[in-house]
Structures are given as structure tokens and as C-alpha cells.
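Here is the structure we will look at, set down as C-alpha cells.
The values are calculated or read from the model by the stated rules, or taken from the named source; none is laboratory data. Bear in mind the structure is a predicted one, so any value in this text is a computation, not a measurement. With ideal geometry, Cβ positions are generated from the backbone for all residues, glycine too; neighbour counts draw on all protein chains shown. To get the accessible areas, we keep the full protein, side chains included, count just its heavy atoms, and leave off ligands, DNA and RNA. Shrake-Rupley method; radii C 1.70, N 1.55, O 1.52, S 1.80 Å.
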Amino acid sequence: MEAVHELVVRMEKITKIYPNGIAANRDVDFSVRKGEIHALIGENGAGKSTLMKILFGLEQPTDGAIYLNDERVNLSSPLEAISKGIGMVHQHFMLVPSLTVAENIVLGMAPKKGGLFIDYKEAVRLTREYSEKYNLFVEPDARVADIAVGMKQKVEILKALVRGAHVLILDEPTAVLTTQETVELFQELKNLREQGFTIIFISHKLKEIKELTDRITIMRAGRSVGVYDTDSITEQEISRLMVGRDVVLKMDKPEAVPGEHVLRVEDLHYVNEWGKKMLDGVSFSVRQGEIVGIAGVEGNGQRELVDILFGLKLPDSGDATVDGQSLIGLPQAQIRTLGVSYVPEDRMTFGIAQTANIQENMVSDRYRQKKFNKGPLFKMKSLNDESDRLIVDYAVLCKSRAQEVGMLSGGNIQKVVVAREFSSDPILIIADQPTRGIDVGATELIRNRLVDLSRAGAAVLLVSADLNEVMELSDNLIVMYNGQIAGYFDDGQWDDLMMGEYMLGLKRQSDDEIRRACHA
Amino acid sequence: MFEQLIQSIFQADFLFIIIRITAPILFAALAAVISEKAGVANIGLEGMMMITALFGFLFAYWTQSWIIGVLGAMFVGILLGLMMGFFSFKLKTDIILSGIAVNMLGAGGTIFLLNMFTGLRGNTGALVSPNILIPTIDIPLIDKIPILGEILSGHAILTYLAFIFVFLMRIFLYRTPLGLKIRAVGENPNAASSVGVSVIKMKYIAIAMSGALAGLGGAFMSMYYSQGWNQGMVAGRGFIALAAQAMGRGEPVGAMFSSLLFGLAQAMKTKVSGLRGMASYNYLIEMIPYVVTIVGLVFYAMSIKRKARKHQLRPIK
Amino acid sequence: MRDKRMVLFGFVRGAAAIALALAVGAIFIFLSSDEPFTALRYLLIGPFVSYHGGVTAFNTQNFYQVLAAMIPTIFTGLAVCVMFSANQFNLAAESCVLVGGFVGSLIGIYVNMTTGWHAVVCVLVASVVCGLIMLIPSVLKVKLGASEMVTSLMLNFVLLYIVLHFLNYHFADRSKGATMTFPFLESAKIPSIVPGNSKLTWGFVIAIIVSLLVWIFMYRTRWGYAIRMIGINESFSLYSGMNVGGTIILSSVIGGLLSGMGGSLEVLGRYNTFVWRELPGYGWTGVTIAILAKNNPGAVPLAAFFLAYLNKGCQLMSTHSDVPSEMIDIIQAAIFLFFAAEQFLSGFRQKLVVKTTREELMRTESLTATEGE
């Protein structure tokens, strides 16, 4: 069978070891047929992005070979990949905000007039031509800073097409799109397939993959675990191959016994710097002893909500209180004094100081406490004991407390963060994507601890893009859509189909139902 | 005393002096603008000017041609820029530290090099002759206009060039493909590299241009302004230029206006210290441009801060 | 395993950087000198070895002079360490040394006090004044976001001219030909610890003790800890609830205190009157020292010794050969560039990492394999 199909891309035994020692790809084989939409799927950290970065020349493989149309190639830079017909649409848009759409599209290959100057009219014409030819509507003269996300994505696709790409890599393209935009995108992609383009589609969303793609390569822990025709494999099977076991077991957690209100969020409104309404009247509460989960497609206001709760943004109106005290406008030090702890989404930027050691990272919120200081000096023994205790408690795999945190694996880094945040006797824990991109062992440990803490009386607000995670862990569940609460569920009776409908804005509860989230 | 000051300021020669003093700062400020546009903070401008001033003068002396001197200064500036680039882009030395290293070379290295090439110490006074200095030109027609002619005509060629470069730089940045690429690299390097624009190459080009402009500034100092090279000649102009770039919002025209402001401060200094009764304040007067720079920077920072408002509580990386 | 290899790699890299920088220096010597070998000999071993009629001997006086030269640079090195640790590119240590020397001198001339206390008061007041000066760039940075680098550079000039103004028009000894102050009172001078003319004063002992104290401050106190964490990752520190602004200001003020202390100890130990008429350059040397010491105060005396040695070597070289002493700036710039180059020898490092990771993977795999059985 294989021989019948023309392979446009063939990657053999690709291994990639990063300078920090992380082995992102190990002996990966990957190939794509001409004219197909090929899904590349795997959990966060499975190595999909690295593999595609290698194909696009952004990273060099430590080992392995790449063939394009059966010709061995060395892709040392994106320029080379582009010249060989590969285009990539990144998850985070690669656009220059202050330039216009047309300028972004011709960047690096601008048409000239007089041999010296940019022929801007020609750039606009070119943009229009491609835009019409492939049915991807954009406004050539608009500044990229001012256009909507969906249009930005089209600009990205056009950028690749204008450069002669016939293989398009799309890295989680739907993560940032509205439902309508996703529908449009799929239409456009199918249209491109008909015109002979080959598309590699990276995604987490099984339904999209089933709907759109022809074949699937599944990755797990840096390796490829199989290639399948999309029609011949069920979502269940994909999911099992991805996580390496049958769909995650229901967690056995004791019944929640909610106590007093800890966090109250009242009618928050927030408009971002580009004038988009990100929070539009959000109210809910979290009580002692319960886990309230927030589900939703990323970009529906969760980020802004968390930022406001931890003092990183100021809302336009509304209030948030912990034990009756408003958090709005407080510095982080005071928010922490109120008993709030926080597991940040971006752990490398906000959770740790990479070149500091494990101990230093574990005590960053408590180093001023009396028990760690004697006069002006640290009590090194207390600090050592504290960090050694946490290392054991949270099973951080390391040589010693003096090891540099940046040298640990992702899961162990997150254990360091969590050990610190969970061990400060918090009355409220805000956990933002607490298990994103980390291994199964660390994930389980973190989830169990979260449940333990809540059962011991802490209020937990869990924000996660991992639907399984929110559904399993939450006692009560909020779905956010478009800056509002679209649904509130407190009966434990939910499944992903139902969630999907609320997350994608197909359904919305009545205002009265939603008001139950305040537990008033 | 104050009247004297007012009188001397409202004279054509005062404006002439401002323009003359502004020119080297402007070259350096444009050097700062171009590198900053590519996202490269060039704090080595001070040292670059010292070194290029020396080599410009030496080339001119060896060939007895001011043109070769100026070109030589630009060439050395480009080499220095590429050296900084090599260490910072290739070997990943912090760009600030590469800048400091160039400034070290500018401070002591120049004295060593001068000695190595000529056997002289500290300055080139002994080598100066009129034919190796940058000539001044009278602009036809304009030089006949009263007052305006006095202000605008009779400057060194490089002085005019500095102001012409402001507009050339603007056109370069906004109307040429290379300018577009450089701005893209400075604003979003990932975007640039994703379409195959080599970020490193653009940064090299920008810092080399920065070096060339610093070279013009250096040549202006040793081959016109100070009439010969000496150790304390650049006197912080490279650093002032950084402030001018920042105050001018990183745009060529903005940098020109802030450079003029610093030119004004320095011209005031020369005027005021020439006045009777002010002699014993000469050091405090010399301090003025630097104080102005700090004040200017503070106002600039305040205006930025006001714009940031509520959204940027999240620390910016 | 990985850590041990990396530590070793760090040493190799540092040594290679210094060797390369010296090689650059040697190239310039060969280019410029008629007697390059004499020049090189004085540069490299001149500071400690003296020749008298074919007899080589350890040169004690030169050795003391090298140690004496470390006094101001240890302090500026420490100052820069503390400020760079907080990721503050504050370069005003340069002028704080000058101001510290000047303020210390004035108190040493015009205030009458008992021996013993006088010098202490001079140094302390000088330190405090410089600490307060550092509030300018740091507060502007924290409150307004004004680049501390540019303000501190400008401040260097401002302070220079202020000192020159007061020196020339208020405190000059008119009876002297050159501009200088009246002589210091004996009670204000820092006494020598060795006989002879080497100027090796108690300032050296204080410098070593202060290095130790600064190390303790940075690694054993909550303030030092906060400074280091903020320097590594400001966002992380903010999220952890640290007072980022206050800590940045603190680090700069300490930088000022240390520079002022160094300036006053140097001036009161080395001279009889205040004679500096330009910026002494110790601030920039301090930057090089901090880079060599990788911001570790404990390593500062070592780095300062190395540079003082080189500097002395350059001086001897210029005395005994035709190579000017400013050679030091070229060597220093080269050291600076190579030492601070993160990617210097990075290919070698990457190979080490790959090798180590492969070994670790194999080990864990064989482990899981045995477990599975």
C-alpha cells in the first residue's frame, strides 16, 4: 500500500536532546502523503512541537534524517524549509503588530520599485490575489495589531502560501478560534487539500481530528506510538494510545462538605488593551472544602480572571474578596498574607527561578518567617529541614536540595512549585493548569494533593484546559464562554459532550441557574 | 549678568553653535536609533566614537586626505559593530557587557593604539594640519540671507550630513525592504525568522550601520570639532546619544529634536562660561547637559508609565 | 554526574577565556614592541619576580603593592556584584568612589577627632553619602522605569563636575601649584600594615572582611536572598510576594555604600591630600571583577588580585619596555568579552550534555527493564 502513495515528507529516527538535557524526541519516524491532512496528536510535552520545529528548520535534530520527496535534505533554517515548500502556522502568531497585513505577508520578500524601495501597492495586490485564489479573506491595509484572531490566522496561512508552501504545518490552530472561525478554517483547509496542498494538523481535540484529517500519527513521551487511518480508529483508542492507558480512571474522592465562603467574585468586568471584553459580569464563590473547576476553551476570560485574582490586572469594575477582604489592587505579598496561594500557568516564568537551587525555590514565599531567621541571619538548618521535608513529601526526584531547579524535568519542576504553594497552609488555592505538560506520575501526585487539601478545608479554584482534569477533580464546575459564565454544574453529572456544548457557546444556562454559582 | 546671557543667546552665532554641537550627538543618536530598532542596545557608542575618532584622524593623517579619514572612521566603526555582534549574537555575551568592553577599549585602548601607531601619548596635537580637517562649506544663496545664512551656512560637510541622515534614516526604515526587515526583527524576532528573515543577519546589519554612524560622529569630533584627537574628547556624547534615542521614542526625527535639546544645553554651557562673573561656575555649567539628560529621561519614563495604565501590572519581560 | 562535569566545564571555560585574552594582549605586544619578550616577561611575572644580577627573587614590595591596589577594586567589585545580582546595570560605582574619596577627605581635613575614631567616621560618612546618592538611579528605575544604566552613566559626569567644582572653588589649597585640598589630619589617615612605601593599609584587611560579610549578606540573609532571586527572575519574585522595588533600591544603596567605603579607604590610605581630578576608573574595573567572580562576593578578592596583578604587570612592562601601560584596557576588554560569553565553547558543552543524557536514559531504561521482569 505504502508505495502507491507519494510521500512528501519522511522523517527517520529523529532524536532531539536540548541543551538542558531534555530528550524531546527519541527515534521518531514520521511521514506524510501528498495531498492529505495528517493529524499529529499527543499530550502536551509529547514532542509534537519539537518534531515540527525540526521539520521547519527552527531546531536541528541531534540525530536522524529528513527526506522531502525522497530527497535527503538538511534544514538548517526556516529559510531553507520555506524554500523547499514547507510553511508553518505557529500556535502563537508570528506577526509584527505595527505592520500592515500586506507588509507582514511580504516581509522578507517585499516587491521593490526603483530597485530600492518597497512597492507597497504591489504588496497589496499580491495579498489580494492570494486571498481571492484560496478564499482566505483579509484586509491588506489593516494594521495587524487591530485585526481579529481569525484574520491573523488567515494572514499566517497566506504568508506560507505566498512563499510557495505546498506542505502546511498548523500548530493547534483552533486553540484560539471561536466556533464560527473554526468552521471557516476547516472549510478553508479542505479547500486547500482539494487544490493539492498537504497539511499537517497538530491538535488535542479528537473531534476535530476525526472530522478533518485523513491519517493520524500519535506521539507519546517523545516517541511515535503509531500511524493510523483516521477512519479506522476510534476516539477511545486514540485517547488510550496518547496517554498510554485506558481513559483516565475516575478519581475516588470523598464527598465534599462545603463550609464558609472563602472567595467571592462579584460582577467582574475587564476590557483588555485592544478593547476586547474579556470579562463580562462574572460572579461566583468558592467555599471551604470544595474544588471549583473552571472549564472553557482558552481565551474565554479564564486568564484575565486569574490575573485579577492574583493582583496582576485591575478590573474595570466588580470585586473579589477573600474572607471578606478585597483583593483588588493588593500587591502579591499581601494577597499571600491573606492565605492565598497560586500555582501559575507559566511555571518557568512565574513559578521558579531557573538558575537558583531547589531549596531557594521552595522557600521564596516564606523566607521572611521568624522560624527561618535569627536576627539578620537565616537559620540554615530550618531552611534545609523545610526543603528536605518538602522534597520528600512531594517526591521531587533530585540529587539534593542544592541542585539547580532548571536541570530538573518538567514534572519535577512543577512538584517544586506545588510543594511550595500547597505547604503554606493556604485557605484558598488558585491552581492554573497545574498539570499541563508534565508526566503522569507527577500529574497524579498533584491531583491527589489538591483533593487532600480541599478535604482538609482549603478552598480550591482549579482552572484547566484539560477537560478530563476539571471534570474529574471538580466538586462544582463553571464553564466560561466569551467572558461570561455559560454554565454552572453542582451535581457531578457531567460529561465531555455536554461540556463541549457549553464551552463552544452552543448552549447557555439561564441567568438564574448561573447565579447558583454564588452559593448565596 | 542675566541680561548678558539673554543677549548672547539671541544671536545668530548661538544658533550656529547649537547646530555645530548637535551634529556629533545626532550621529551617535542615529546610531542608537538604528541598533535599537533591531532590538540591540548599543551602549558601546562612547567607545566606538573614541576609537573611530582616533582612526579617522590617523587615516586622514597618513593619507593626508580628510575623505579617506572619514571613510576609515566609518570602516573601523563597522568593524567594531561586527565585533560586538559576534560576541553578543554568536557567543551570547550580554550586549550591555559587549558595549562596556568596547567602552574600555575606547578609554585606554585608544591611548595604547595611538602610542603603538605614532609613538605619541594622549593627543595628536603634533599631527594636525588644515588639509586633514573636514572642510566647511558655504551654501550658495542661503549664505546671502541675513541671520539665516549666518546660522545655516558655513558648517562642516558632516554637519549637514548629520541632518540629512535623519531623513534618509526615516526613509530607510519605513520605505525599504531592509528597513522593514530590521523593524520586524526588533519588534518580533520570531515573526521575522518564521518567514526566513535571518534575525542575526539583520542585527549584524543594524549594529554595523550603528558603527558606521558612530564613526561619522567620531570623525566629526577629531577632524573638525576638536581639531585633533585627545583623550577626553568624546566626554559622554555616546551616552547622551542613548538618552536622546530614548527621549526621541526611538524615531529618527524624535532623536534629532532631543539631540538639538542636548546641543542647546552644551551651547549654553560654552556661552555662559564665557560670561564675566560666571567663570567660577564653569564646572557646574559643564554639568548641565548631563542633568538635562537625566531630567529628559525622567519625563520620558513618566510619559511611558502613564500609558501603561492598568494592563501591565503583569511584569513585562 | 552531570553536575560534576558541568563544574569542571566551568573551570575549563574560565581558564580558556583568560588564556585567550592574554593571547590577544600578547599579539598586540608583538605588533607594537621592539622588545616583545622583555615586555611579556614583565607583564606576566614582573609583579613578583625581580632580577638582580642574574639572581631571581620574590619581590616583596611589588607583592604588597599588588595587594594595596586591590583595596578600591575589591569594594567596587563587591558593589557591582550586589547590584548586578539584582539585575541592575547600575554603573555609578565609578563616580561613587570619587565622591566617597572626596567626602572622606573633607571630614579628614576639617573635622577634628581623636585618632582611631576619626578615620572610622570619615569612611562611614563617605559610605552613607554614596549610599544616598544611589537612591537617585534606583528610585527613578523603580518608580518610573527610567533606565538605571543611562541615569547612572549621566550621574557619573554630574558627580565628577560637582566634586571638581567644590574642589576648585571651595576647598582648594591655594598655596599649592596644582589643585588639591589641604592635607589630611594624621588622625584621619588609614595606617599601613607593613613597613615601606607599598601603601598596603588596614584598608586591605577591611576589604577582605567586607568581602566575607557581603558573601554572608548575599547567601545567608533574607535580603541577599531576595536580591539574588529578583536578579534571576523578577516575575517569579514578584509572584512569590517579595518587595521587588524595595529590594532593587536596597541593592543599589548597598552598592553605593561599598563604593564610597572603597573610595574613602583608598584616598585616606594612599594620599596626603585629595588629588583626584577625574574619574578613577575603579568602577569599571569593578564591573570586570564582578564578571570574573560571576557575581559571587567570595570570589571577588581573587578576581581583584588577578586584575591588580595584571595591572602591575602592565605598569612594569611600560617602565621597562616600550609598551604603554594602557595595554591593560585591551586585555581587560578581551577577558570581559570571552568570560561573559555564554556560548563560548558551547559546542563542547552540548556534547557533554548529550553524552550525559544518553547515559542517564540508558541507566533508567535498564532499571525499568529489570523492574519489569
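I need to check one value: relative contact order of region A:261-518, counting alpha carbon pairs closer than 8 Å and at least 6 residues apart, in percent. Could the numbers behind the result be given before it?
Numbers: 505 pairs, mean separation 72.6, N = 258.
RCO, region A:261-518: 28 percent.
Grab the beta carbon distance between A:Gln91 and A:Asp323, set R0 = 35 Å, and tell me the FRET efficiency rounded to 0.05.
FRET efficiency, A:Gln91 to A:Asp323: 0.35.
Report the net charge of residues surrounding A:Ala256, where surrounding means a beta-carbon distance below 11 angstrom and charges are Lys +1, Arg +1, Asp -1, Glu -1.
Combined, the nearby Lys, Arg, Asp and Glu give -1.
Would you kindly compute the Cα radius of gyration of region A:261-518 and its largest Cα-Cα separation (Dmax), both in Å?
18.6, 61
On the full set of protein chains, 1.4 Å probe, figure out the accessible area of B:Glu36 and give it in Å² to the nearest 10.
Only protein atoms counted, so the area is about 80 Å².
Once you place label points 7 Å from the Cα toward the Cβ at B:Met278 and A:Asp146, how far apart are they in nm?
About 4.9 nm, to one decimal.
Mind pulling the angle between the C-alpha long axis of helix C:60-85 and the longest principal axis of chain C? Nearest 10 degrees, somewhere in 0 to 90.
60 degrees
What is the distance, in nm, between label points placed 7 Å from the Cα along the Cα-to-Cβ direction at A:Tyr18 and at A:Ala65?
2.9 nm
Please report the spacing between the Cα centers of region A:132-160 and region A:26-80 in Å, no decimals.
26 Å
What Kirkwood Rh does region A:1-119 have if only Cα atoms enter the pairwise 1/r average? Answer in Å. It would help to have the intermediate numbers written out before the result.
Working: mean 1/r = 0.0612 Å⁻¹.
The answer is 16.4 Å.
Give me the distance in nm between label points sitting 7 Å out from Cα along the Cα-to-Cβ direction at C:Lys143 and A:Glu266, one decimal.
Taking the two extended label points, one gets 3.4 nm.
Which net charge results when you count Lys and Arg as +1 and Asp and Glu as -1 among the other residues whose beta-carbon is under 15 Å from that of C:Gly116?
Numbers: positive: C:Lys189; negative: C:Glu186.
In short, 0.
Using a 1.4 angstrom probe on protein heavy atoms only, which residues from region C:126-150 are buried by at least 50 Å² of accessible area when all chains are present rather than their own chain alone?
Buried by the other chains: C:Leu144, C:Met149, C:Val150.
Could you bin all the Cα-Cα distances of region C:70-302 into 10 Å bins starting at 0 and give me the percent of pairs in each, rounded to whole numbers?
Spelled out bin by bin, region C:70-302 gives 9, 34, 34, 17, 5, 1, 0 percent.
Of all the accessible heavy-atom surface of chain B, with the other protein chains kept in place and a 1.4 Å probe, what percent is carbon and sulfur? Kindly include the intermediate steps, with their values, before the conclusion.
Numbers: 8170 of 12250 Å².
Summing carbon and sulfur atoms, their accessible area is 67 percent of the total for chain B.
Using a simple charge model, +1 on the beta-carbon of Lys and Arg, -1 on the beta-carbon of Asp and Glu, nothing else, what dipole does region A:373-426 show about its Cα centre, in debye to the nearest 20? Intermediate results must be reported in sequence, preceding the final value.
Working: 8 positive and 7 negative charges, 41 e Å.
In total the dipole reaches around 200 debye.
Counting DSSP beta bridges with both partners in the protein assembly as shown, what percentage is antiparallel, nearest 5?
Values: 56 of 92 bridges.
Restricted to the protein assembly as shown, the bridges split so that about 60 percent are antiparallel.
I'd like the orientation of helix C:282-292 relative to chain C: the angle between its Cα long axis and the longest Cα principal axis, in ° from 0 to 90, rounded to 10.
That helix lies at roughly 20 degrees to the long axis.
Have a look at region A:347-376 and report residues whose accessible surface goes down by 40 Å² or more when the remaining protein chains are included, against the chain on its own, probe 1.4 Å, ligands and DNA/RNA excluded.
A:Thr349, A:Phe350, A:Ala353, A:Glu360, A:Ser364, A:Tyr367, A:Arg368, A:Pro376
Based on DSSP H runs of at least 4 residues, each adding -39500 (n - 2.57), what is the mean residue ellipticity at 222 nm of chain B after dividing by all its residues, to the nearest 500 deg cm²/dmol? Walk me through the numbers before you get to the answer.
Details: 15 runs with 214 residues, N = 317.
When only DSSP H runs of four or more count, the value is -22000 deg cm²/dmol.
Which value, in Å² and to the nearest 10, is the accessible area of A:Tyr394 when all protein chains are kept and the probe is 1.4 Å?
Here the accessible area works out near 20 Å².
What total accessible surface area, summed over both chains, is buried at the interface between chains B and C, computed with a 1.4 Å probe and given in Å² to the nearest 100? Intermediate values should be presented prior to the final figure.
Numbers: alone 15770 and 18550 Å², together 29960 Å².
Accessible area lost upon association: around 4400 Å².
Excluding A:Val183 itself, calculate the net charge of residues whose Cβ lies under 12 Å from the Cβ of A:Val183, where each Lys or Arg counts +1 and each Asp or Glu counts -1. Don't jump to the answer; show the numbers that get you there.
Working: positive: A:Lys190; negative: A:Glu181, A:Glu184, A:Glu188, A:Glu208, A:Glu211.
Taking every Cβ under 12 Å from that of A:Val183, the sum is -4.
Accessible area, 1.4 Å probe, largest first: how do B:Trp66, C:Trp223 sort? Spell out each step's value before the answer.
Details: B:Trp66 55, C:Trp223 100 Å².
These residues rank, largest area first, as C:Trp223, B:Trp66.
Relative to the present Cα-Cα distance, how much length would full extension add between C:Val49 and C:Ile208 at 0.36 nm per residue of separation?
Net length gain for the segment: 54.8 nm.
Quick check on region A:261-518: of the DSSP beta bridges with both residues there, what percent are antiparallel, nearest 5%? Could you put the intermediate results ahead of the total?
Numbers: 23 of 40 bridges.
In region A:261-518, DSSP labels about 60 percent of beta bridges as antiparallel.
A 18 angstrom limit on the alpha carbon distance is what I want to check against. Which of A:Lys112/B:Lys181; A:Lys121/A:Lys152; A:Lys84/A:Lys159; A:Lys133/A:Lys190 exceed it? Write down the numbers at each step before the final one.
Details: A:Lys112/B:Lys181 14 Å; A:Lys121/A:Lys152 21 Å; A:Lys84/A:Lys159 15 Å; A:Lys133/A:Lys190 14 Å.
Pairs exceeding the cut-off: A:Lys121/A:Lys152.
With r as the distance between the Cβ atoms of C:Asn87 and B:Asp138 and R0 = 35 Å, compute the FRET efficiency 1/(1 + (r/R0)^6) and round to 0.05. Before the final figure, lay out each step's value.
On the way: r = 53 Å, r/R0 = 1.50.
Using R0 = 35 Å, I get an efficiency of 0.10.
Can you give the FRET efficiency to the nearest 0.05 for B:Ile164 and A:Glu132, using r as the Cβ-Cβ distance and R₀ = 45 Å?
On the way: r = 43 Å, r/R0 = 0.95.
Taking R0 as 45 Å, the efficiency between B:Ile164 and A:Glu132 is 0.55.
Quick one: how many Å² of A:Arg508 are accessible to a 1.4 Å probe, rounded to 10?
120 Å²
Roughly what % of DSSP beta bridges within chain A run antiparallel, to the nearest 5? List each step's numbers first, then the result.
Values: 47 of 83 bridges.
Around 55 percent of the beta bridges assigned by DSSP in chain A are antiparallel ones.
Between the DSSP loop rule and a limit of at most 15 other Cβ atoms within 10 Å, which trypsin sites (Lys or Arg not before Pro) in region B:190-255 are left? Spell out each step's value before the answer.
Details: sites: B:Lys201, B:Lys203, B:Arg237, B:Arg249; in loops: B:Arg249.
Here the sparse-neighbourhood loop sites are B:Arg249.
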